[in-house]
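Trainee: Quick one: the structure is below, and I'll ask about it shortly.
The values are calculated or read from the model by the stated rules, or taken from the named source; none is laboratory data. The structure presented is a predicted model; accordingly, all values stated were derived computationally and were not measured. We place every Cβ from the backbone using ideal geometry, glycine too, and count neighbours over all the protein chains shown.
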Amino acid sequence: MAPTAINMPSIIDKLRAWRPCSATELFFSLARLLANIPWIAWILERKTSPDRDSENGDSIVERSTKTLDIAKVDNVMTAATSITTLEHLQYNPSVEQILSSGSTSIVGRLKPGVVLKFPRFSWWVYSTAEAHNIVQEIKHSFSVEEDILGILGPHPNLAKFLGPSENPRGLLFAEANRGNLQAYLDAYNDEIDIATRIRWRTQAAGATWYIHQKNVIHSDQRPENYLVHSDDNGTLDVYLTDFGGSTCGDIDGGHLPDAGFFNPRSAWVSTVDTDIFSLGSVFYTIMTGHWPYKSPGPFESVEEKCKYEETVDALFSEGKFPTVNGLVGGAIIQGCWTEQYKDAETLLRDQELLVKEFHIQNT
């Protein structure tokens with residue numbers, strides 16, 4: 001038996017009944033509609049069924065006049081749309097060398113002196129990519145960072161932003177040739193003199209004061225988000241970077257600092273106090289080489305990191321902080337933790353006084 005003729009009026013009625021819908025809904029609706037057209041059902045049956053049903057003896061052609069099981073169409077359509085799995089969304093632009101990587105972004109050298117910060121997953125290739133929460137978060141983070149960097153403009157204590165890039169997709173920065181501050185401390189802590197540490201603290205305070213003047217809260221201050229650069233004379237400077245979680249007015253990256261850099265007694269919102277408290281822990285790490293209540297070096301496991309977060313949050317919640325006795329500028333660190341500083345300008349001024357006092361004492 002040949003496939004029966006198409007009933008055009010019924011198809012037209014169904015088309016007229018369609019409401020506006022997404023591309024995905026349209027795709028599945030069309031598939032279901034076509035599956036009920038006998039000659040298309042016949043083709044699909046040939047792909048999904050044996051030549052003869054052993055139970056009732058119907059031929060392929062006879063069975064093609066019946067309504068195809070919608071579940072079969074859904075299975076076919078689901079398989080067809082599986083290309084938007086995270087594996088397919090991985091973004092791997094051509095770069096000279098990968099310099100660092102995180103859960104949401106990767107930094108690679110594009111050419112000498114220029115690095116590209118690019119998303120781990122793409123959102124612009126497939127229309128269904130943003131069905132993954134992580135892809136939505138990455139897209140939002142890159143949008144926030146580009147907007148914030150546009151608001152901030154250039155500053156000597158910020159990583160130098162060179163602009164967005166369309167191909168390859170990402171954000172361009174001047175390269176800081178010594179990597180991030182935490183990695184540098186882990187590798188060279190015993191070789192860093194006190195004058196350099198104090199200068200880094202002052203530069204971090206200067207960066208924070210500047211962004212606060214622009215109504216930007218960084219919201220994720222920690223040593224990994226400062227970059228170290230050596231100039232032609234060998235002087236080491238630090239630059240604040242990574243504004244994907246920052247806030248400014250209606251722009252909200254939605255981040256808060258990691259445990260050890262966040263005050264668990266405060267509200268879970270980004271404020272000036274958020275950054276100042278974090279600076280206390282950044283300063284402490286600069287002076288000691290390790291995070292508050294942590295031994296030097298990276299975490300060796302997820303369990304170790306979780307245990308640290310639980311421990312430090314509990315101590316900070318009780319107002320207990322590491323001793324700063326014997327640390328140069330320890331009172332400033334303590335002041336950040338105990339909310340003695342109400343603005344970054346006062347903090348910067350105290351840091352600058354510390355630089356002068358240290359210089360006088362050592363000349």
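Trainee: Kindly establish whether E130 is touching a residue at least 24 places away in the same chain (Cβ under 8 Å) and assigned to a helix (DSSP H, G or I).
Mentor: no
Trainee: Determine, yes or no, whether V135 is among the β-branched types (V, I, T), surrounded by 14 or more Cβ atoms within 10 Å (Cβ to Cβ) and within 17 Å of the chain's Cα centre (by Cα).
Mentor: So V135 passes the test.
Trainee: Taking region 219-232 on its own, how many of its residues are in contact (Cβ under 8 Å) with a residue 60 or more places away in the chain and either in the same structural domain as L158 (by TED's automatic domain parsing) or assigned to a loop (DSSP other than H, G, I, E, B) (or both)?
Mentor: Total meeting the criteria: 2.
Trainee: Also: Could you list all residues from region 160-176 that are more than 17 Å from the chain's Cα centre (by Cα) and in contact (Cβ under 8 Å) with a residue 12 or more places away in the chain?
Mentor: The answer is K160, F161, L162, S165, P168, A174, E175, A176.
Trainee: Okay, next question. Within region 105-119, identify whether any single residue is farther than 16 Å from A159 by Cα, loosely packed, with under 13 Cβ neighbours inside 10 Å and either under 17 Å from the mean Cα position of the chain (by Cα) or of a type in the set (D, E) (or both), and answer yes or no.
Mentor: Within region 105-119, not a single residue is farther than 16 Å from A159 by Cα, loosely packed, with under 13 Cβ neighbours inside 10 Å and either under 17 Å from the mean Cα position of the chain (by Cα) or of a type in the set (D, E) (or both).
Listed here are the residues, each with its yes/no results for (1) acidic (D, E); (2) more than 23 Å from Y210 (Cβ to Cβ); (3) out of contact with any Asp or Glu (no Cβ under 9 Å at 6 or more places or on another chain).
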| position | (1), (2), (3) |
| --- | --- |
| L149 | no, no, yes |
| G153 | no, no, yes |
| A176 | no, no, no |
| D186 | yes, yes, yes |
| D190 | yes, yes, yes |
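Trainee: To continue, here is another question. Just a yes or no: is a residue in region 318-331 out of contact with any Pro (no Cβ under 6 Å at 6 or more places or on another chain), within 20 Å of I211 (Cβ to Cβ), assigned to a helix (DSSP H, G or I) and of a type outside the set (K, R)?
Mentor: So far as region 318-331 goes, no, none of its residues is out of contact with any Pro (no Cβ under 6 Å at 6 or more places or on another chain), within 20 Å of I211 (Cβ to Cβ), assigned to a helix (DSSP H, G or I) and of a type outside the set (K, R).
Trainee: Sticking with this structure for a sec: Please give the number of the condition W209 fails out of (1) part of a loop (DSSP other than H, G, I, E, B); (2) in contact with a helix residue (DSSP H, G or I) (Cβ under 6 Å, 6 or more places away or on another chain); (3) touching a residue at least 40 places away in the same chain (Cβ under 8 Å).
Mentor: Result: W209 passes all but (1).
Trainee: Give me a count of the residues in region 173-196 that are buried (at least 20 other Cβ atoms within 10 Å of the Cβ) and out of contact with any Lys or Arg (no Cβ under 8 Å at 6 or more places or on another chain).
Mentor: Qualifying residue count, region 173-196: 4.
Trainee: Could you please give the count of residues in region 245-258 that are buried (at least 21 other Cβ atoms within 10 Å of the Cβ) and either part of a loop (DSSP other than H, G, I, E, B) or touching a residue at least 60 places away in the same chain (Cβ under 8 Å) (or both)?
Mentor: 4
A quick yes/no check of all residues on (1) part of a helix (DSSP H, G or I); (2) over 30 Å from Y210 (Cβ atoms):
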| position | (1), (2) |
| --- | --- |
| R265 | no, no |
| S270 | no, no |
| D275 | yes, no |
| E310 | yes, yes |
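Trainee: Quickly run through region 148-159 and pick out the residues that are in contact (Cβ under 8 Å) with a residue 60 or more places away in the chain and in a helix (DSSP H, G or I).
Mentor: Correct list: I148, L149, I151, L152.
This table checks each residue for (1) touching a residue at least 12 places away in the same chain (Cβ under 8 Å); (2) surrounded by fewer than 24 Cβ atoms within 10 Å (Cβ to Cβ); (3) assigned to a helix (DSSP H, G or I).
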{"residue": "G234", "(1), (2), (3)": "no, yes, no"}
{"residue": "D237", "(1), (2), (3)": "yes, yes, no"}
{"residue": "F243", "(1), (2), (3)": "yes, no, no"}
{"residue": "L279", "(1), (2), (3)": "yes, no, yes"}
{"residue": "V282", "(1), (2), (3)": "yes, no, yes"}
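Trainee: Quick one: W200 ticks every box in (1) touching a helix residue (DSSP H, G or I) at 6+ places or on another chain (Cβ under 6 Å); (2) more than 18 Å from V144 (Cα to Cα); (3) surrounded by fewer than 21 Cβ atoms within 10 Å (Cβ to Cβ) except a single one, so which number is it?
Mentor: (3)
Residues are listed down the side, and each one gets a yes or a no for (1) of a type outside the set (S, T, Y); (2) in a helix (DSSP H, G or I); (3) out of contact with any strand residue (DSSP E or B) (no Cβ under 9 Å at 6 or more places or on another chain):
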site	(1), (2), (3)
I134	yes, yes, no
E146	yes, yes, no
S165	no, no, no
Q182	yes, yes, no
Y188	no, yes, yes
